[in-house]
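S.K.: What follows is a single structure, and I will ask about it in a moment.
Bear in mind these aren't lab numbers, they're just calculated from the coordinates by the rules spelled out. Note that this is a predicted model, so its numbers are computed, not measured. Cβ: placed from backbone, ideal geometry, glycine included. Neighbour counts: every protein chain shown.
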Amino acid sequence: MSSPQRLRQHLKIHDILTPQRPLGFRRKRRSSTRAEDHSLELELLDPNALLFPPVDHDDHFVAQQFNVTNAIYEFQCSILQQKWKLSIEDHIHHALAINSILLLSQNKYPENLSPYFCEASLKATISKIKSIYGLNLPSVQTKTVSDIFSILQELDVGTVSRRQAIVKLLQLDLSPDERKFANGLTDLVKKLPRVPIEEDVNEYELSTRFADPFLCGLFDDPEEGVYLRWTNDISFEARKNDTLWTCRPDLTITSLKGVKWTTSHGYGEAKSACHEANNFVLSKDLIRVAMFCKNALDEQNLDGILGLQIIGRRITFYLLVLPSQGLYVMYELGTLELPNSLCGLRKLLMDMPLGLLVLDVFRRLCIRSDSPFQPSRHRPTVSMSSFDGIFSASQDRKRPCHLKKYG
């Protein structure tokens, strides 16, 4: 017989019965079924992973009769009503809210927040935060911008050398914060190529060629004992197995007292441009920045602390504050893009108001508080196991994300 089918036909003719195979399904290997069941169990949200204390105190944050404290508490409780774990990319506000952090950005009204914060409520909350902490963009004198612009233009067309441009920038009569911004430009004049580099730079070159010169110009002040430090020299590949709780920040802004580092005034995370479409990695970076800032604010009794997220040549600045008991606010100050060549310096000059705002915030707010230490106003940072009980480790670049502006 040439085939099983013809053999069955032959046996049937001679009234020989053969066992029939059940139709409609195919048996799976037990090991495969167990693996799938285990994977499914891992994606079930664990409602016992978190416990949010009720807001039974009088220190509520209210903006135009909208109770922000109650709203963030209801938003937190809604997380525990979910059946499945949440993805990080499209639930960044949830990921911060479990640590009692409300992320606020101008002109952004996330759908996740909409049942608890309508557009008007978010605008009112942002307006009050800006009013309390003085977060409006400062004005810059036209003459200051014109003088710096002329020097950069001369450098671009080649009528002055780098050295001559640096001397001219140093000779300008500027305010202290304007001088710091000009110092950042001066350090970039020393480092930037005349024409853009085609290939993407890695994280090390990103920090040394672009971000470090500008940020050191803004924040480094050895006379006052303040230093911007790159504290994590491990490569991205080596950090793939790191968790939110085991890695060090990429950069810190720290005070030096004697021979020891003391107060931390800011934290930052950096990724090269090749990761700008990886919203999972970028979201984890933002969560890390928020956690580093929150823990430092709690432990050091700070009025506020600066957060930085660097993606390629874009730098987004955040301010983390504690306006009321149990409510941390992480407010996005703004984003600027560093140039990739000398000809782009004039465009960076247009972001001088943002640079001056960041410097003003850093000087006024990112310091130890004059108020007594009040641990009752703080909230604990969730553990890694609790975080993993709420959020999935799955990744999907097609998911919507709060950080999509970096596309």
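S.K.: Working out 0.36 nm times the residue gap between Ala393 and Gln164, then minus their Cα-Cα distance, what length gain in nm do you get to one decimal?
M.R.: Numbers: separation 229, 0.36 × 229 = 82.44 nm, distance 5.27 nm.
Extra length from Ala393 to Gln164 when fully extended: 77.2 nm.
S.K.: Express the C-alpha Rg of the range 107-159 as a ratio against the empirical globular expectation 2.2 N^0.38 Å, rounded to two decimals. Display every interim value, and only then the final one.
M.R.: Working: Rg = 20.0 Å, N = 53, 2.2 N^0.38 = 9.9 Å.
My calculation over the Cα atoms of the range 107-159 gives 2.01.
S.K.: Listed highest first by mean packing, meaning other Cβ atoms within 10 Å per residue, what order do 222-231, 142-151 come in? Walk me through the numbers before you get to the answer.
M.R.: Working: 222-231: 13.8, 142-151: 15.4.
Going from most to least packed, we get 142-151, 222-231.
S.K.: Sticking with this structure for a sec: Return Cys247, Cys293 ranked ascending by Cβ neighbour count within 10 Å, so the fewest neighbours appear first. Don't skip to the end; give the middle numbers.
M.R.: Working: Cys247 16, Cys293 29.
Ascending Cβ contact count within 10 Å gives the list Cys247, Cys293.
S.K.: Another question, then. Could you please state, rounded to a whole Å, how far the C-alpha centre of the range 84-112 is from the C-alpha centre of the range 141-163?
M.R.: Between the Cα centres of the range 84-112 and the range 141-163 lies a distance of 42 Å.
S.K.: Got the relative contact order for the range 142-370 handy, in percent, Cα pairs under 8 Å and 6 or more residues apart?
M.R.: Relative contact order here is 19 percent.
S.K.: Here is a follow-up. Please work out the Kirkwood hydrodynamic radius for the range 142-370, using every pair of different C-alpha atoms, and report it in angstroms with one decimal place.
M.R.: Numbers: mean 1/r = 0.0544 Å⁻¹.
About 18.4 Å for the range 142-370.
S.K.: Test of understanding: ordering Leu336, Leu256, Leu51 by Cβ neighbours within 10 Å, fewest first, what list do you get?
M.R.: Details: Leu336 19, Leu256 15, Leu51 9.
Ordered by Cβ neighbours within 10 Å, fewest first: Leu51, Leu256, Leu336.
S.K.: Another question about this same structure. Which whole-Hz ³J(HN,Hα) couplings does the range 117-123 yield from phi under the Karplus relation 6.51 cos²θ - 1.76 cosθ + 1.60, θ = phi - 60°, glycine and proline marked x?
M.R.: 10, 6, 4, 5, 5, 5, 4
S.K.: Let me ask you something else. Using only Cα atoms, figure out Rg for the range 262-407 and give it as a multiple of 2.2 N^0.38 Å.
M.R.: Working: Rg = 16.8 Å, N = 146, 2.2 N^0.38 = 14.6 Å.
Taking the Cα Rg and dividing by 2.2 N^0.38 Å, one obtains 1.15.
S.K.: Output the Cα-based Rg and Dmax of the range 61-132 in Å, rounding Rg to one decimal and Dmax to a whole number.
M.R.: Answer for the range 61-132, Rg first and Dmax second: 12.1, 39 Å.
S.K.: Can you sort Ser139, Ser255, Ser121 by how many other beta carbons sit within 10 Å, fewest first?
M.R.: Details: Ser139 8, Ser255 17, Ser121 20.
Fewest-to-most Cβ neighbours within 10 Å comes out as Ser139, Ser255, Ser121.
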